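Participant: This is the structure I have questions about; it appears just below.
The values are calculated or read from the model by the stated rules, or taken from the named source; none is laboratory data. If you're wondering where the values come from, they're calculated on a predicted model, not measured in any experiment. FYI the Cβ positions are ideal-geometry reconstructions off the backbone, even for glycines, and counts take in every protein chain you see. Each accessible area value is taken on the protein alone, full model and side chains, heavy atoms only, with ligands, DNA and RNA left out. Shrake-Rupley method; radii C 1.70, N 1.55, O 1.52, S 1.80 Å.
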Amino acid sequence: MQVQGTIALVTGANGGIGQYYIQGLQAAGATRIYAGARHPESLKNIAATDPDRIIPIPLDITDEALVKAAVEAYSDVNLLINNAGVGFNQRLVAEINFDKVRSEIEVNYLGMLRMCLAFAPVLKANGGGAIVNMLTILAKVNFPLNASYCASKAAALLATQGIRAELASQKTLVVGVMPGTVDTGMSKDFPPPKVAPEEVVRAALQAVIDGVEDVYPGEQAQEMQAQLLQDPKAVEKWMSGILAS
Ligand SMILES: NC(=O)c1ccc[n+]([C@@H]2O[C@H](COP(=O)([O-])OP(=O)(O)OC[C@H]3O[C@@H](n4cnc5c(N)ncnc54)[C@H](OP(=O)(O)O)[C@@H]3O)[C@@H](O)[C@H]2O)c1
């Protein structure tokens, strides 16, 4: 599917990667970009650069009523980018805070799922279109210092596969994007290497164009994916070794 001429909706559009999605979609020639944010006024400046194309919209993906309102108002969408996410860098046993666990599940899993379900009929009506879900390579192996986040993203990865299977008959491409550490505020306490957010967006939009379902932007994710295919237990052990060191 071409990105040029699409009507896109991006969640978490004011975030580190979200802003690059807006720019990437602009550069690729999207006709309109609904930029979803809990506080759309935070997108005032970027929208002012291209007011005919960038439309900030109020969207909290944990809020059923706001999601429903978005579906009704933006029924022309044919490219849904589920980018919004939260991560609290918490371990599971040592420092568990169930409010934070719930929040990660509410946003990263249930919020993403809610958006997919809500927009599936819209995408169908608009010819199938595509969904891009922002996952992480840590959906495939747990990083114990961030274990709770990994678990929520693992749920999102498996949901992505299920949604992909169900929406195949309506010709909706469902892309899962699995970078390693991305250079944004979310990972400010993480050590390098970090992939640039613009590279993540470039790879994700190219996957939409090429019809690729699983994307691993950056060397870190690609290497880890190769190791996971070769010896998943060794990768798990290596990750748990980081906790011990
Ligand atoms: N950074 C990384 O290392 C990395 C690696 C792999 C995958 N990812 C994933 O990439 C995506 C974007 O992350 P990022 O690095 O750009 O993080 P970020 O800068 O913290 O941005 C996260 C965005 O999600 C929004 N958000 C949070 N809860 C929301 C909700 N309930 N409804 C709607 N929007 C909500 C935030 O809005 P507010 O400004 O209102 O909080 C913000 O716009 C996330 O799904 C993340 O898990 C990130």
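Participant: Using the Karplus curve 6.51 cos²θ - 1.76 cosθ + 1.60 with θ = phi - 60°, what ³J(HN,Hα) values do you get for each residue of region 102-108, in whole Hz, with x for Gly and Pro?
Facilitator: 4, 5, 4, 5, 4, 8, 6
Participant: Structure shown: which of K100/K140; K194/K237; K153/K237; K100/K233; K171/K233 lie over 26 Å apart, alpha-carbon to alpha-carbon?
Facilitator: Distance filter (> 26 Å) returns K100/K233; K171/K233.
Participant: Let me ask something else. Computed over the Cα atoms, what is the radius of gyration of the chain divided by 2.2 N^0.38 Å, N being its residue count?
Facilitator: That works out to 0.97 for the chain.
Participant: So which aspartates and glutamates can K68 reach, going by Cα to Cα under 20 Å and dropping same-chain residues fewer than 8 places off?
Facilitator: In chain and number order, the partners are D60, D76, E106.
Participant: Tell me the carbon and sulfur percent of the accessible area for region 1-151, rounded to whole percent, probe radius 1.4 Å. Intermediate values should be presented prior to the final figure.
Facilitator: Working: 3390 of 6420 Å².
Result for region 1-151: 53 percent of the exposed heavy-atom area is carbon or sulfur.
Participant: Same structure again: Just want the answer: with Cβ charges of +1 for Lys and Arg and -1 for Asp and Glu, which residue in G180, I163, L205 is farthest toward the dipole's positive end in region 154-206?
Facilitator: I163
Participant: Restricting to DSSP H runs of at least four residues, report the calculated mean residue ellipticity at 222 nm for the chain, -39500 (n - 2.57) per run over all residues, nearest 500 deg cm²/dmol.
Facilitator: -14000 deg cm²/dmol
Participant: Further question on the same structure: With +1 assigned to the C-beta of every Lys and Arg and -1 to the C-beta of every Asp and Glu, and no other charges, what is the dipole magnitude of the chain about the Cα centre in debye, to the nearest 20?
Facilitator: Dipole magnitude for the chain comes out near 200 debye.
Participant: In nm, to one decimal, how far is the K44 label point from the F190 one, both placed 7 Å along Cα→Cβ?
Facilitator: 3.2
Participant: Rounded to whole Å, give me the distance from the Cα center of region 50-128 to that of region 203-245.
Facilitator: 24
Participant: What is the calculated FRET efficiency for K171 to R91, with r their C-beta to C-beta distance and R₀ = 30 Å, to the nearest 0.05?
Facilitator: The value I calculate is 0.10.
Participant: Something else now. Read phi for every residue in region 169-174 and hand back ³J(HN,Hα) as whole Hz from Karplus 6.51 cos²θ - 1.76 cosθ + 1.60, θ = phi - 60°, with x for Gly and Pro.
Facilitator: Values per residue, Gly and Pro as x: 5, 9, 6, 8, 6, 10 Hz.
Participant: Continuing with the same structure: Highest mean first, how do 91-97, 136-142 rank when packing is the count of other Cβ atoms within 10 Å averaged over residues? It would help to have the intermediate numbers written out before the result.
Facilitator: Numbers: 91-97: 11.4, 136-142: 22.9.
Highest-to-lowest ranking by the protection proxy: 136-142, 91-97.
Participant: Something else about it: Extending each Cα 7 Å along its Cβ direction at T62 and W238, get the distance between those two points in nm, one decimal.
Facilitator: With each label point 7 Å from Cα toward Cβ, the separation is 3.4 nm.
Participant: What ³J(HN,Hα) values, in whole Hz, does the Karplus curve 6.51 cos²θ - 1.76 cosθ + 1.60 give for region 30-41 when θ = phi - 60°, with x put for Gly and Pro?
Facilitator: 4, 6, 8, 10, 7, 9, x, 8, 5, 10, x, 4
Participant: Going by amide H atoms built from the backbone, whose H comes under 5 Å of the H on V174, apart from near neighbours?
Facilitator: HN-HN under 5 Å from V174: I131.
Participant: For the chain, what are the DSSP H helices with axial Cα length of 24 Å or more and mean Kyte-Doolittle hydropathy of at least -1.0?
Facilitator: 147-167
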